[in-house]
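What follows is calculated from the coordinates using simple rules that are stated; it is not laboratory data. Only a predicted model underlies this, so the values are computations on that prediction, with no experimental measurement involved. No Cβ is skipped: glycine too gets one built from the backbone with ideal geometry, and neighbour counts run over all protein chains shown.
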Amino acid sequence: MKKLVSALTMALFVASAGAQTIDLSEWKKYLPEIHGTVRGKYEFQTTTGEQRFQVRNARVSITGKVIPIVSYKAEIDLSDEGQIKMLDAYARVSPFKGWDFTIGQMRVPFTIDAHRSPHQQYFANRSFIAKQMGSLRDAGATIKYSQKEEDGFPFSVEAGLFSGSGLTEQKGWHKVLCYSAKLEMKPFKGYNLTLSTQRTRPEDTNIYMYDAGTYYDWNNWHFEVEGMYKKYANDAFKDVWAVDAFVNYDLFLKNQKALVKKVSFLARFDYMGDNSTGKFDKDTNLLYITDYERKRITGGLTFSFGKPFQADLRLNYEKYFYDDRSLAKESEQDKLVVEMMIRF
């Protein structure tokens, strides 16, 4: 027993002596960062008189580094419309300045609006481009090069290969992989031009998508427009166009003691033609329409409560336009949306 106590005492002495030589500031670089986003909303459909409460997101993410050139991210949504989903899970290597190599599960590099996280969105509900047309997470690998303004012309270019199975079907084998590429340029302050392309292959049907978007931040204004074109191989389905255009104005309140620090005024128009996700009708063996053609006008106000964490109250009204109202999906109709978004 005496020998055991002596050994433990010596071990503690050595450990404590070693701890004194460790640079604690160096260790802080490798501590994981935890972030979260919670979005709770109330919706009232003015055309049907129906209403509901919903937890749209309850995301938690962990990011960090294991060595200076190797980083990681793991993100899970505990309530994506009531379902648990694993979103991002990837490792990233940055061996040289400006270069990133990423492998794992991630959002495919494509479009502007679809690439925004929930806390970065301007409206309570995403555009048609971001929700029905260009939003995709998948398992794959990407390579990215970025150049900052101090090094010359600021831009980034990213390309990757993906399985094409989405988040839940990753065991399958594929003879053909999907690809995506995105070029983002910032020729002058406040201006962004993004060009991207993507090929997906659901059920052995190639679908090619092309997107061009631009935005400009001027004083308290944000102007943005994005267009997307979707083409199906062998004319399996008619070509699809989609457009998203919106403007946002931020009014900062001078009273620092006020509960609300900023009020944002928003207006959006978006359009989408008859769209198919690439799935076949078993009876006709033809691709069927997943989303019918429609237009939408959205007006909104966002009340921001300031730092240290982001807290926004979003009030939106959406007006839909269909050639035939009977084709409208249950949740794609005129509605009032009240959403509280918190990011920490």
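A few comments on the model shown:
- As a proxy for reagent exposure, ILE342, ILE67 were ordered by neighbouring Cβ count within 10 angstrom, fewest first; the result is ILE67, ILE342.
- Placing a label point 7 Å from the Cα of ALA141 along the Cα-to-Cβ direction, the residues of the stretch 46-83 whose backbone N falls under 18 Å from that point are 70-73.
- In the structure shown, the pairs LYS131/LYS230; LYS28/LYS148; LYS65/LYS144; LYS29/LYS97 are assessed against 21 Å; a Cα-Cα span above that value is assigned to LYS28/LYS148.
- If the segment from PHE344 to ARG116 were pulled out straight at 0.36 nm per residue, it would be longer than the present Cα-Cα gap by 80.4 nm.
- For the stretch 232-310, the tally of Lys pairs with Cα-Cα distances below 20 Å comes to 8, considering only residues 8 or more apart or on different chains.
- Footprinting exposure proxy for LYS85, LYS182 (fewest neighbouring C-beta atoms within 10 Å first): LYS85, LYS182
- Candidates PHE128, PHE96, PHE44: whichever shows maximal mean-square fluctuation once the chain is modelled as a Gaussian network with Cα springs under 10 Å: PHE96
- Nearest-0.05 FRET efficiency for THR290 and ILE84, computed from C-beta distance (R0 25 Å): 0.55
- Mean ellipticity per residue at 222 nm, deg cm²/dmol - from DSSP H runs of n ≥ 4 across the chain, formula -39500 (n - 2.57): -2000 deg cm²/dmol
- Cβ crowding within 10 Å, taken as a proxy for footprinting-reagent exposure, orders ASP281, ASP334, ASP312 from fewest neighbours to most as ASP281, ASP334, ASP312.
- One chain, two ends: ILE34 and LEU315. Fully extended at 0.36 nm per residue, the span grows by 98.3 nm beyond their Cα-Cα distance.
- Available extension along the chain between ASP334 and TRP99 is 80.1 nm, counting 0.36 nm per residue and deducting the alpha carbon span.
- Label point distance in nm, ASP324-THR47, each placed 7 Å from Cα along Cα→Cβ: 1.4
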